[in-house]
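Worksheet: the structure to be examined is printed underneath.
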Amino acid sequence: MILPILVVAPSEQRGRGVFTTESIGAETVIEISPVLVLSKDDRTKAEETMLYNYVFEWGEAYEMGALGMGYISIYNHSYQSNCYYEMDFENELMTIKTLRPIAAGEELFINYNAVPDDTTPIWFDAQ
């Protein structure tokens, strides 16, 4: 399920991103998408390709990987994210929810650290 008001469009200095064409309230589910779960070995192989920037850590020990279907892997990162994601390991799903009200035309961001206010440097900031 992806809200029909979400679109993928060019994102300034970030390639593509997910935007909303209408305002959205806080704590709104905007996407529920399946993931392709990768074994630990397959994750290692995928991370040697262009998929490196799109694979999420997955599983209770975060050793496996997951590639989000839908728009999941297109949301850009921000330490001041306006959305967050939840992982459902049992059903192999990821859900994106808004943290606050979002205006029409605004880009939707998640924090790649999995916690909205976690400012731990991520791989492309730690270089």
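The values are calculated or read from the model by the stated rules, or taken from the named source; none is laboratory data. Computed from a prediction, not measured in an experiment: that's the story for all the values here. Reconstructed Cβ throughout: ideal geometry from the backbone, glycine too, with neighbour counts over all protein chains shown.
What's the number of the condition Trp58 fails, among (1) within 21 Å of Leu6 (Cβ to Cβ); (2) at pLDDT 95 or above?
(1)
Kindly evaluate Ser81 against the criterion of being among the hydroxyl-bearing types (Ser, Thr, Tyr) and closer than 21 Å to Leu6 by Cα. Break it down into steps so the answer makes sense when it comes.
On the way: among the hydroxyl-bearing types (Ser, Thr, Tyr): yes; closer than 21 Å to Leu6 by Cα: yes.
Here the answer is yes, as Ser81 does meet what is asked.
Just checking, which of Glu48, Glu22, Glu27 is touching a residue at least 60 places away in the same chain (Cβ under 8 Å), farther than 18 Å from Met87 by Cβ and not in a strand (DSSP E or B)? Quick ask: steps written out before the conclusion?
Working: Glu48 fails: touching a residue at least 60 places away in the same chain (Cβ under 8 Å); Glu27 fails: farther than 18 Å from Met87 by Cβ.
Criteria check complete, one pass: Glu22.
For the stretch 59-70, indicate whether the set of residues that are within 23 Å of Thr98 (Cβ to Cβ), among the aromatic types (Phe, Trp, Tyr), within 16 Å of the chain's Cα centre (by Cα) and not in a helix (DSSP H, G or I) is non-empty.
Checked the stretch 59-70: no residue is within 23 Å of Thr98 (Cβ to Cβ), among the aromatic types (Phe, Trp, Tyr), within 16 Å of the chain's Cα centre (by Cα) and not in a helix (DSSP H, G or I).
Name the pairs whose Cβ atoms lie under 8 Å apart, with the first residue in the stretch 84-112 and without any contact (Cβ under 8 Å) to a residue 12 or more places away in the chain, the second not small (Gly, Ala, Ser), and 6 or more positions between them or separate chains?
Glu86/Met94; Glu86/Thr95; Glu86/Lys97; Asp88/Met94; Asp88/Thr95
Can you find a residue in the stretch 108-117 that is at pLDDT 95 or above, assigned to a strand (DSSP E or B) and in contact with a Leu (Cβ under 6 Å, 6 or more places away or on another chain)?
no
Among the residues of the stretch 84-119 satisfying the criterion of being of a type in the set (Val, Ile, Thr), out of contact with any Asp or Glu (no Cβ under 6 Å at 6 or more places or on another chain) and closer than 18 Å to Val55 by Cα, which is surrounded by the fewest Cβ atoms within 10 Å (Cβ to Cβ)?
My answer is Val115.
Taking the stretch 73-95, which residues are of a type outside the set (D, E, K, R) and more than 11 Å from the chain's Cα centre (by Cα)?
Just the residues of the stretch 73-95 that are of a type outside the set (D, E, K, R), to begin with: 73-85, 87, 89, 91, 93-95.
Within the stretch 73-95, Tyr79, Gln80, Asn82, Phe89, Asn91, Leu93 qualify.
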